[in-house]
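Undergrad: Below you will find the structure I want to go over with you.
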Amino acid sequence: MIYKIFSDFKKNVAALPHRLLALDVGTKTVGTAISDSGCRIASPIKTIQRKGKLLEISDIKKIVDEYSVKSLIVGYPIHMNGDEGERCEYVHAYATTVTEQLNLSVLLWDERMSTMSAERMLLEGDMSRAKRKDLIDAVAASIILQSFLDFWGHQQAAGSII
């Protein structure tokens, strides 16, 4: 099942915390990142070269199996003004294929500025252009996932006060 709204995802998906995999779906690559089992920290894993959805899904399935992933967070490229454009349609279709093939729940998560933030982080790390190119999508996926984890953590903290 694919969700766009956090509260729908939260009430219909296996209770967190559990391992989450994030995807940053680009035109040439798919960046991947994994959460720790406590859903506190996101770490980049690798960048998958786009070579056809079924081959990419096979690579994603290997990660899902290795880390016992139960849900996916997929970066959703909403425009800065909040509109959903062609890239959103593309990512939604990609996420639909992934969820159908792997039978995992997917939350489409606002990824505005994630690639720019990843680029800035890698530049600040004085990384070469070639190395940045190899890492940027996985780092962007980790930024997307960390954004989700931070939001989820804040929701948990607010719920525990009430």
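The values are calculated or read from the model by the stated rules, or taken from the named source; none is laboratory data. If you're wondering where the values come from, they're calculated on a predicted model, not measured in any experiment. Cβ placement follows ideal geometry from the backbone for every residue including glycine, while neighbour counts extend to all protein chains displayed.
Undergrad: Yes or no: Val25 among the aliphatic types (A, V, I, L, M), in contact (Cβ under 8 Å) with a residue 12 or more places away in the chain and more than 19 Å from Gln155 (Cα to Cα)? So that I can check it myself, show each step before the final result.
TA: Numbers: among the aliphatic types (A, V, I, L, M): yes; in contact (Cβ under 8 Å) with a residue 12 or more places away in the chain: yes; more than 19 Å from Gln155 (Cα to Cα): yes.
So Val25 fits the description; yes.
Undergrad: Among the candidates Ser105, Ser114, which residue alone is modelled with pLDDT under 65 and touching a strand residue (DSSP E or B) at 6+ places or on another chain (Cβ under 8 Å)?
TA: Values: Ser105 fails: modelled with pLDDT under 65.
Exactly one of Ser105, Ser114 is modelled with pLDDT under 65 and touching a strand residue (DSSP E or B) at 6+ places or on another chain (Cβ under 8 Å), namely Ser114.
Undergrad: Could you tell me whether Thr27 is under 18 Å from Ile136 (Cβ atoms) and of a type in the set (Ser, Thr, Tyr)? I'd like the intermediate steps shown before the answer.
TA: Values: under 18 Å from Ile136 (Cβ atoms): yes; of a type in the set (Ser, Thr, Tyr): yes.
Yes; evaluated as a whole, the condition is true for this residue.
Undergrad: May I pose another question? Please specify each residue of segment 14-28 satisfying the condition of being surrounded by fewer than 21 Cβ atoms within 10 Å (Cβ to Cβ) and at pLDDT 80 or above. Spell out how you get there, then give the answer.
TA: Taking segment 14-28 as the starting set, the residues that turn out to be surrounded by fewer than 21 Cβ atoms within 10 Å (Cβ to Cβ) are 14-19, 26-28.
Once the filter is applied, which keeps residues that are surrounded by fewer than 21 Cβ atoms within 10 Å (Cβ to Cβ) and at pLDDT 80 or above, segment 14-28 yields His18, Arg19, Gly26, Thr27, Lys28.
Undergrad: Right, another one. Taking the conditions exactly as written (free of Cβ contacts under 8 Å to residues at least 24 places away in the same chain, over 15 Å from the mean Cα position of the chain (by Cα) and farther than 16 Å from Trp109 by Cβ), does Ser7 satisfy them or not? I'd like the intermediate steps shown before the answer.
TA: Values: free of Cβ contacts under 8 Å to residues at least 24 places away in the same chain: yes; over 15 Å from the mean Cα position of the chain (by Cα): yes; farther than 16 Å from Trp109 by Cβ: no.
Judged against the criteria, Ser7 is not a match.
Undergrad: Another one. Taking segment 72-97 on its own, how many of its residues are touching a strand residue (DSSP E or B) at 6+ places or on another chain (Cβ under 7 Å) and either exposed (fewer than 12 other Cβ atoms within 10 Å of the Cβ) or closer than 10 Å to Met1 by Cα (or both)?
TA: Residues flagged as touching a strand residue (DSSP E or B) at 6+ places or on another chain (Cβ under 7 Å) and either exposed (fewer than 12 other Cβ atoms within 10 Å of the Cβ) or closer than 10 Å to Met1 by Cα (or both) within segment 72-97 amount to 2.
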